[in-house]
Amino acid sequence: MGSQLKQQLSDAVKTAMRARDSARLGTLRFLQAAIKQKEVDGQKELGDAEVTAIIEKQVKQRRESIAAFEQAGRTESADQEKAELAVLQEFMPQAASQEEVDAAIDAAIAQVQAQGLTGGAAMGKVMAQLKAALAGRADMSALSAQVKARLA
């Protein structure tokens, strides 16, 4: 089972090499290495969903790094992380619209409340449903804050 995302990534690496774009190339190779490591650890080839999860994790790390660097006043490092984030986001699925996100949250909350769950149990169930529905298309930490506000 071949991954379309892995092929896109491989093509992007070749293009960056030809263009001598070392910053972009570094980010792409780092991502390829993370994917390869996961494949070696799991002893199986990854599909698009698993590759997207790895890219999501990398995006989250970049966002956290950008916030930390900006807080410390290290704008040069933050700018480098932003450039890497832009490269990574090219390989993410199209972001969900706010209407899609709101509809998914409403549906998940309604379903969980119909089961009679409240509090932490409801939060966990809602987030599990949202993760399945919006994987790679929405920022899960932002979703979590929205869900918490609606359940309160």
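Data table
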item: Label of the coordinate-derived value, semi-axes √(5λ) of the Cα gyration tensor in Å, listed as (i) 33, 20, 13; (ii) 30, 16, 14; (iii) 43, 17, 11; result: (i)
item: When each of Lys6/Lys57; Lys82/Lys131; Lys36/Lys125 is checked by Cα-Cα distance, pairs over 23 Å; result: Lys82/Lys131; Lys36/Lys125
item: Proportion of all alpha-carbon pairs of segment 98-151 beyond 12 Å (%); result: 59
item: Rounded to 10°, Cα long-axis angle of helix 75-89 versus longest principal axis of the chain; result: 80
item: Charge dipole magnitude, Cβ of K and R +1, D and E -1 - the chain, Cα centre, debye nearest 20; result: 320
item: Relative contact order, percent, the chain [alpha-carbon distance under 8 Å, six or more residues apart]; result: 21
item: Positive dipole terminus of segment 10-72, leading residue within Ala12, Ile66, Ser22 (C-beta point charges); result: Ser22
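Taken together, the values in this text are just the output of simple stated rules run on the coordinates, not laboratory data. Predicted model, so just to flag it, every value in this text is computed and none were measured. Every residue, glycine as well, gets a Cβ built from its backbone with ideal geometry; the counts of neighbours run over all protein chains shown.
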